[in-house]
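Bear in mind that the values in this text are calculations on the coordinates, not laboratory data. None of these values were measured; they are calculated from a predicted model. Here the Cβ positions follow ideal geometry from the backbone for every residue, glycine too, while neighbour counts run over all protein chains shown.
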Amino acid sequence: MKTDEVRNKYLRFFEKRGHSIIKSASLIPKNDTTTLFTSSGMQPLLSYFLGKKHISGTRLANSQKCFRAEDIEEIGDNRHTTFFEMLGNWSFGDYFKKEQIEQFFKFLTTEIKLEPKKLYITVFVGDKKNKIPRDIESVKIWKNIFENNKIKAEDIEILDEENGGKIGMRGGRIFYYNAKYNWWSRAGAPDKMPSDEPGGADSEVFYDFGEDIHNKKFGEHCHPNCKCGRFIEIGNSVFIEYIKQKDGSFSRLPMKNVDFGGGLERITAASNSDNDIFNIDTISFVIKKIEEISGRMYADNKKEFRIIADHIRASVFIIASGIMSSNTGQGYILRRLIRRVIRFSDKLDILHGHLSDISKTVINQYNKIYSELNENKEKITEEINKEERRFRKTLEKGLIEFEKISKRRNISGNDAFILFTTYGFPIEMTIELAEEKGLSVDKNEFNKKMKEHRELSRIGAEQKFKGGLIDTGEMSVKYHTATHLLLRALKDVLGESVRQKGSNITSERLRLDFSWGEKMTDEQKQNTEDLVNEKIKSAIDVKKEEIPAKEVARQNIGGEFEDKYGDIITVYKIGNYSIELCGGPHIKNTAELGHFKIKKEESVSSGIRRIKAVLE
Ligand code: SER
C-alpha cells in the first residue's frame, strides 16, 4: 500500500466510528515548553485527558507530524526516522480498553489486511512500588480476539530486553514487560514522572517480519522488544487513567482515556511485508533521488542513504514550520541535521549544492497533504543551500586548523572542543579525520569539556541563578535552595507557564524574577509563601543527581537541552517536588531553611515580576 492510502483508510475507519478528524498541529509546540518539538499526537491534546472539554467531542483522530530529536543518533537502521507521522485516535472518558483493542485489531486485519498470526502483543506487568496493577484486562481482551481467529495466545512474562534475549518467546503471543516498555507518559516510566503528569499502562502491537531476520548478536533468542529488526512496533494504545500526585503517589484521573499512536510509515511497511521503512513510497522516491545525484546504490550504502533521506525530510518539515538554523533550541537541531547530511553526503561524493534537490523530492511527495511545504518551497531550498555554504566555509578553515594540530600531536580533548565550538566540527568527524592519519582523540576529555560548556551555557541561556550565588557562604546556599522551592511553588500557584527570568542572591535575601503578566494577588502571595513553608516543614532531602542529558529530554525539566553526546548533566532534586538543571551548591535538607517570607512583589518590565524574600 501507499502511504496516502494507509493514512486515508485510517482516518475514514475512525470517522465511521464517531471520531472527529482534526488537523495535524504544528511541529513546534504551542504553550508547552516541555519539549522542543511535537513528538506525539497526544501532546497538543494534553489538557483534554485532564477533563477539559474538546469542542469536537470525546472521540478524535488525526495524523500528526512528529519529530523526535532523541532518535537522531539511531537513524541508520531499518525502522527509525526522526520525522514521522503518527496516526492517532483518542477517547476522552468515552470508550476504553475493550473497544480500543478490538477496533485497532479490526483496522489492521480488515483495512490493512495484515494476517492476525503476524501480530504479537505486549502489555504492562504492573508496578508494585507505585501500586499500579498488572494489566490482566487487556490480556483477556487480546486472548479472546486471537481465539476467535483460531490462534493460540499464551501470555508470558518477559520484563525486559535482556531477559527476553535469554528466555525467548516460548510459544507465547502476549508478553508482559516492565514500565520502560509498557507504560506511557510524556516523561516516561512512573518514577520519572513529575507531579501532575498524566500517564498509564499501554499495550503495543508488533508486526513479525520473519524469524530468519533475528541475529544472535542481539541476544540468544528473539522477542518483540529485541533490537534485531524482526519485530516492529506498529501501534501503541495507552490507557491514560492515572495522574502523579505531589507526594509521588498515583491516583486515578476523573475519567478513563485512550491515547492511541501508530507510526504511519511503519504500518505502511507492514502492509508491504517489507521491514525496511525506507522502501515505502514516500521515502523510496527520496532514496532514488540520492542514487541519482550520487551515482551510488542504496543497497551498498544503506546507513548513509538512510541518514541523508531522513534528515532532509525532517529538515523540510522543520523549516516549513518556521524554524531557521541557529545555535539554540529548534534552530540548533535543524543545523545539526543539515550538517550531518553534509558529512554523510561527502562520504558518497555528492557534489556540493545538490542537497536542496533532495528536498524538492520530499516536497513533491507530501505537497498534497501538507500545503505548507509548497508554500515555503523557496525558503526551504534556500535555507538548506545557505546552511551548506556556511558549514563548508567553516569546514575549510577548520580543516586548516586540524592539519596544523595533527602535524604536531594527537588530538587532545581541548583541540576537539575548539574544533567543535569554533569550526562546527562534530566530534565524530574529528575522530574520523584523526583515524585517517593514525592519530587518537581524547574523547573523555572532550566530553568533560562539553559538559562544562553545556552547563555554563545552559545556565547562562536561562539566566539561571546568573550572578546569583555571589558567595557560597551558608546563608547564600540556603537562599539558593529557597529559590528553587519558590520557583516550584510559583508554578503550582500561578501555573506551569511560569519561567525563571533571573535571580540574585546575597547573604541577606533572595531575589527572583519570573514571567507573569500581572500583579500577584495577596492570596496568591500567601499561598506561595505557605507552600514553601510547608515544604520546609516536611524536611525534604535535597539531592544532586548526575543524569544523562537524554533523560532530561524525557523529563519535565525546564530549560533547553541538547543531547548530542549522551553526556551527563547535573540536576538538583528537592524530593519529588522540584527538579532543576543547576550546578549547586545547595543545603542537604529543607528543614535547615527556617521560615520563608515574601517581602516584596513588584514589576520589573512588561511580563516580568520580581519577588524579594527572606529566611527568618
Ligand atoms: N502517546 C503514545 C506514544 O507516543 C501513543 O500515542 O506512543
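Positive end of the charge dipole of the chain (Lys, Arg +1 and Asp, Glu -1 on Cβ, about the Cα centre): tell me which of Asn8, Gly168, Ile350 has its Cα farthest that way.
Of the candidates, Asn8 comes out farthest on the positive side.
Can you tell me the Rg and the Dmax, both Å, for the Cα atoms in the range 363-408?
That works out to 17.9, 56 Å for Rg and Dmax.
Given the peptides 186-193, 513-520, arrange them by the average over their residues of other C-beta atoms within 10 Å, most packed first.
So the peptides 186-193, 513-520, ranked by packing, come out 186-193, 513-520.
Using 0.36 nm times the number of residues separating Ile21 and Lys216, minus their current alpha carbon distance, what extension gain do you get? Walk me through the intermediate numbers first.
Values: separation 195, 0.36 × 195 = 70.20 nm, distance 4.36 nm.
65.8 nm is the gain from fully extending Ile21 to Lys216.
Taking the Cα-to-Cβ direction at Asp274 and at Met297 and moving 7 Å from each Cα, how far apart do the two end points lie in nm?
1.6
Rounded to the nearest 0.05, what FRET efficiency is calculated for Glu428 and Met324 with R0 set to 22 Å and r the Cβ-Cβ distance?
It comes out at approximately 0.35.
Give the peptides 576-582, 306-312 in descending order of average Cβ contacts within 10 Å, highest first. Don't skip to the answer; put the middle values down first.
Values: 576-582: 22.1, 306-312: 25.7.
So the order, starting with the most tightly packed, is 306-312, 576-582.
Considering only DSSP beta bridges with both partners in the chain, what is the antiparallel share in %, to the nearest 5?
Details: 71 of 84 bridges.
Bridges in the chain are about 85 percent antiparallel.
Would you mind computing, in nm to one decimal, how far apart the modelled labels at Asn163 and Lys600 are, each placed 7 Å from Cα along Cα→Cβ?
5.9
If I model a spin label as a point 7 Å beyond the Cα along the Cα-Cβ vector, how far apart are those points for Glu452 and Lys113 in nm?
With each label placed 7 Å out from Cα toward Cβ, I get 6.3 nm.
Which whole number in µm²/s is D for the range 1-106 by Stokes-Einstein, with the Kirkwood Rh taken over Cα pairs at 4 °C and 1.567 mPa s?
Estimated diffusion coefficient is 86 µm²/s.
Taking R0 as 35 Å, what's the FRET efficiency between Glu154 and Lys2 from their Cβ-Cβ distance, rounded to 0.05?
With a Förster radius of 35 Å, E is 0.45.
Size of the chain along its principal axes in angstrom, Cα-based, largest extent first?
71, 65, 50
Fully extended, how many nm does the chain gain between Glu435 and Met475 (0.36 nm per residue separation, minus their Cα-Cα distance)?
9.2 nm
Report Rg/Rh for the range 72-146, rounded to two decimals, where Rg is the Cα radius of gyration and Rh the Kirkwood radius.
Values: Rg = 15.8 Å, Rh = 15.3 Å.
Rounded to two decimals, Rg/Rh equals 1.04.
Ranked by Cβ crowding within 10 angstrom, fewest neighbours first, how are Val316, Val362, Val498 ordered? Before the final figure, lay out each step's value.
On the way: Val316 29, Val362 24, Val498 19.
Ascending Cβ contact count within 10 Å gives the list Val498, Val362, Val316.
Which whole-Hz ³J(HN,Hα) couplings does the range 161-175 yield from phi under the Karplus relation 6.51 cos²θ - 1.76 cosθ + 1.60, θ = phi - 60°, glycine and proline marked x?
Coupling constants for the range 161-175: 4, 5, 5, x, x, 7, 9, x, 8, 6, x, x, 10, 10, 10 Hz.
Using 1/(1 + (r/R0)^6) with R0 = 22 angstrom and r between the beta carbons of Lys180 and Glu74, what's the FRET efficiency to the nearest 0.05?
E(calc), rounded to 0.05, equals 0.85.
Using the Cα atoms of the range 243-388 to build a convex hull, what is its mean projected area in square nanometres?
Values: hull surface 50.0 nm².
For the range 243-388, the mean projected area of the Cα convex hull comes to 12.5 nm².
Let me know the charge dipole size of the chain about its Cα centre in debye, to the nearest 20, where only the beta-carbon of Lys, Arg (+1) and Asp, Glu (-1) is charged.
600
Convert each backbone phi in the range 290-295 into a coupling constant with the Karplus relation 6.51 cos²θ - 1.76 cosθ + 1.60 (shift: θ = phi - 60°), then list the ³J(HN,Hα) values in order as whole Hz, x for Gly and Pro.
3J(HN,Hα) across the range 290-295, in whole Hz: 5, 4, 4, 7, 9, x.
What is the ratio of the Cα radius of gyration of the range 393-447 to 2.2 N^0.38 Å, where N is its residue count, to two decimals?
It is 0.96.
If you wrap a convex hull around the C-alpha atoms of the range 309-465 and split its volume per residue, what is the figure in Å³? Please list the in-between numbers first.
Values: hull volume 18.5 nm³, N = 157.
Cα-based convex hull of the range 309-465, divided per residue, equals 118 Å³.
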